[in-house]
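Working notes, structure below.
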């Protein structure tokens, strides 16, 4: 293997490059970079999870005569993400039938994240979007918003009153919302509202010292759709034992979903969406230029907008990951910023079939 790693000619791997774990994608100390990997019937997790995905090079799945019907017996829970089926628009629909999303804003000096999420929810098809803002941040938002509405909500009680309108059916809380007891109280108000809830960034970090309190709050409303969107660091704050385990990224996300009762969208170059029922999907279309400030806020807004339109939690997370990656891919290479992503979402939607 050391000799193969040193050669200056293209190397073709059969099944998996030696040294790459096919179940987890992890690389052993002695592994090599393949230019091409030929595997059979279906890809393995190691073909799509990092760093295995990179070291496999181009992956070709060869047909060796295994009938597709064996999948009925195997019943795999893990799949590679693909272009989603999106909610179909009807000529008879009005805006409230396309859902009303709410994004909870932070203080006056941290308002941009909420606007990125809100614009993404609107772009992905939510009929209406409202930013729930503290009084101190109202003027800042008013200077930037047009199609997105604004409601003053200084605390959890005010947020609860806003969410009492059952037409507001999907909520995003966390992007620059602030870390602490006030955000924890707002999270509980969101969970009690009856709407689907996306917990991002500060909404999760606010429970870093008491993660079981968050999981208990989610468990109080078992019928509620909850999607959590942690990056690696936020995941470690809530699931420290899982973060440090030798499990694959998919296994970690599935265990976290079962523990929390929420769909877990574990972000990264190989983002994974996992559900408490054991299903998981790995996203593979995300280019490196997505590593930019505000990118996660856009993703949280996409999930929220899709939930507002009635997609189940797992499907909304998977669709949002794909659209997020497709928007960045459409942009190309250098220079992408989060503001570009929302405006590129439409190109991904335009080429997709509808439900």
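The values are calculated or read from the model by the stated rules, or taken from the named source; none is laboratory data. Small disclaimer: the values here were computed from a predicted structure and weren't measured. Ideal geometry is used to build each Cβ from the backbone, glycine not excepted, and the neighbour counts take in all protein chains shown.
Looking for something touching a strand residue (DSSP E or B) at 6+ places or on another chain (Cβ under 9 Å), in contact (Cβ under 8 Å) with a residue 12 or more places away in the chain and in the same structural domain as residue 173 (by the TED database) - is there at least one such residue anywhere in the range 323-332? If you could, list the steps in order and put the result at the bottom.
Residues of the range 323-332 that are touching a strand residue (DSSP E or B) at 6+ places or on another chain (Cβ under 9 Å), as a first pass: 323.
Filter once more, so that each one left must be in contact (Cβ under 8 Å) with a residue 12 or more places away in the chain: 323.
From the residues that got through so far, the ones that are in the same structural domain as residue 173 (by the TED database) too are 323.
Yes, some residue in the range 323-332 is touching a strand residue (DSSP E or B) at 6+ places or on another chain (Cβ under 9 Å), in contact (Cβ under 8 Å) with a residue 12 or more places away in the chain and in the same structural domain as residue 173 (by the TED database).
Against the conditions (1) at pLDDT 95 or above; (2) in a helix (DSSP H, G or I); (3) in contact with a strand residue (DSSP E or B) (Cβ under 9 Å, 6 or more places away or on another chain), where does residue 349 fall short? Just the number, please.
Residue 349 satisfies all of (1) at pLDDT 95 or above; (2) in a helix (DSSP H, G or I); (3) in contact with a strand residue (DSSP E or B) (Cβ under 9 Å, 6 or more places away or on another chain) except (1).
Which residue, of 139, 147, 114, 101, is free of Cβ contacts under 8 Å to residues at least 40 places away in the same chain and outside any loop (DSSP other than H, G, I, E, B)?
Answer to the selection: 139.
Touching a helix residue (DSSP H, G or I) at 6+ places or on another chain (Cβ under 8 Å) and within 22 Å of residue 55 (Cα to Cα): is that true of residue 248 in this structure? Let's see the steps before the verdict.
Details: touching a helix residue (DSSP H, G or I) at 6+ places or on another chain (Cβ under 8 Å): yes; within 22 Å of residue 55 (Cα to Cα): yes.
Spelling it out, residue 248 is indeed touching a helix residue (DSSP H, G or I) at 6+ places or on another chain (Cβ under 8 Å) and within 22 Å of residue 55 (Cα to Cα).
Does residue 89 meet the test of being surrounded by fewer than 19 Cβ atoms within 10 Å (Cβ to Cβ) and in contact (Cβ under 8 Å) with a residue 60 or more places away in the chain?
Yes; evaluated as a whole, the condition is true for this residue.
Quick one: count up the residues across the range 238-255 that are over 14 Å from the mean Cα position of the chain (by Cα) and closer than 22 Å to residue 301 by Cα.
The number of residues fulfilling the criteria is 1.
Need a quick list: helices (runs of 4 or more DSSP H) entirely within the range 1-89 having at least 2 residues that are more than 25 Å from residue 268 (Cα to Cα). Full working, then the answer.
Values: elements: 2-6, 45-48, 52-56, 70-74.
Because the criterion is at least 2 residues that are more than 25 Å from residue 268 (Cα to Cα), the helices (runs of 4 or more DSSP H) in the range 1-89 that meet it are 2-6, 70-74.
Does residue 126 meet the test of being in the same structural domain as residue 310 (by the TED database), part of a loop (DSSP other than H, G, I, E, B) and surrounded by 14 or more Cβ atoms within 10 Å (Cβ to Cβ)?
Answer is yes for this residue.
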